[in-house]
Amino acid sequence: MSLRSELDALLAQTSLNITEQQTIQLVELVELLTKWNKAYNLTSVRDPSQMLVKHIMDSIVVSPHLSGNSFIDVGTGPGLPGLPLAILNPDKQFVLLDSLGKRLRFIRQAILSLGLKNVEIVQSRVEEFQPEQGFDCVLSRAFASLEDMLSWCHHLPNENGHFLALKGQYPESEITHLDSKFEFIESVTLQVPQLDGERCLVKVKRVS
């Protein structure tokens with residue numbers, strides 16, 4: 001099976017509406033990641049078919065839960081979930097932040113190759129990054145514990161902004177021990193076709 005037909009089969013198991021152009025871009029992103037991974041070791045996932053499930057699908061199932069226009073993906077690694085989400089949401093703006101230059105070189109190439117106009121990259125430690133204005137949403141995937149994420153990123157949302165953490169199992173202990181400066185809003189169970197293991201999206205906001 002080609003990557004395209006594999007992706008089509010995965011998408012058919014979701015309610016996501018994706019254009020032909022977006023499907024092509026997602027496949028090209030996997031091809032780029034596979035090529036760069038050989039030299040730069042960007043991800044431990046080597047098999048392109050597994051990248052479709054563990055990186056692409058695992059990222060884009062978040063798309064229906066995005067609210068707002070400006071997003072920052074902290075600790076983005078090789079652009080996950082930021083790049084797939086930017087492909088699906090060309091009307092929204094994404095900042096992808098990471099401290100490692102080799103990851104950002106890959107992301108820069110992907111932005112050029114895919115023709116993305118809605119992505120900026122920032123090389124910085126997240127706690128040192130001071131944006132000119134806050135974001136509607138701070139995203140993280142496999143980045144840190146909820147406590148660390150909120151501690152390091154507390155300055156990034158705007159006054160109505162919130163945090164979305166893509167987690168595995170529901171992090172009951174992390175939510176129970178949330179700092180009183182933050183409020184747990186909800187946790188949404190995510191269905192990722194062919195992925196072993198659980199996925200949930202935890203939404204938190206600052207207490208005003």
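The table below lists the values:
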| read-out | value |
| --- | --- |
| Pairs where the first residue, in region 86-106, is under 18 Å from E128 (Cα atoms) and the second is in a helix (DSSP H, G or I), C-beta under 7 Å, 6+ apart | L96/G82; L96/I107; L97/V126; D98/L104 |
| Region 148-174 residues that are under 15 Å from I185 (Cβ atoms), paired with ones that are of a type in the set (S, T, N, Q) and in a strand (DSSP E or B) (beta carbon under 6 Å, 6 or more apart) | M149/S140; A165/S140; Y170/S187 |
| Hits in region 38-74 (condition: open to solvent by less than 10 Å² (accessible area, probe 1.4 Å) and over 24 Å from Q13 (Cβ atoms)) | F71, I72, D73, V74 |
| The one condition in (1) part of a helix (DSSP H, G or I); (2) in contact with a strand residue (DSSP E or B) (Cβ under 6 Å, 6 or more places away or on another chain); (3) among the hydrophobic types (A, V, I, L, M, F, W, C) that F106 fails to fulfil | (2) |
| Of the criteria (1) open to solvent by 40 Å² or more (accessible area, probe 1.4 Å); (2) at pLDDT 95 or above, which one P84 fails | (1) |
| Hey, K203 open to solvent by less than 80 Å² (accessible area, probe 1.4 Å), assigned to a strand (DSSP E or B) and among the charged types (D, E, K, R) or not | yes |
| Matching option when the condition is hydroxyl-bearing (S, T, Y), touching a residue at least 60 places away in the same chain (Cβ under 8 Å), under 21 Å from V202 (Cα atoms) and part of a loop (DSSP other than H, G, I, E, B), among S67, S59, S140 | S67 |
| Selection count where residues are open to solvent by 70 Å² or more (accessible area, probe 1.4 Å), in contact with a helix residue (DSSP H, G or I) (Cβ under 6 Å, 6 or more places away or on another chain) and under 17 Å from V30 (Cβ atoms), scope region 91-130 | 0 |
| Those residues of region 153-200 which are loosely packed, with under 14 Cβ neighbours inside 10 Å, charged (D, E, K, R), in contact with a Lys or Arg (Cβ under 8 Å, 6 or more places away or on another chain) and over 15 Å from V138 (Cβ atoms), in sequence order | E186 |
| Failed condition for P78, given (1) under 13 Å from L139 (Cα atoms); (2) touching a residue at least 40 places away in the same chain (Cβ under 8 Å); (3) of a type outside the set (D, E) | (1) |
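The values are calculated or read from the model by the stated rules, or taken from the named source; none is laboratory data. Note that the structure is predicted; figures quoted are calculated from it, not measured. We place every Cβ from the backbone using ideal geometry, glycine too, and count neighbours over all the protein chains shown. Quick note on the areas: whole protein, heavy atoms, side chains included, nothing else; ligands and nucleic acids left out. Shrake-Rupley method; radii C 1.70, N 1.55, O 1.52, S 1.80 Å.
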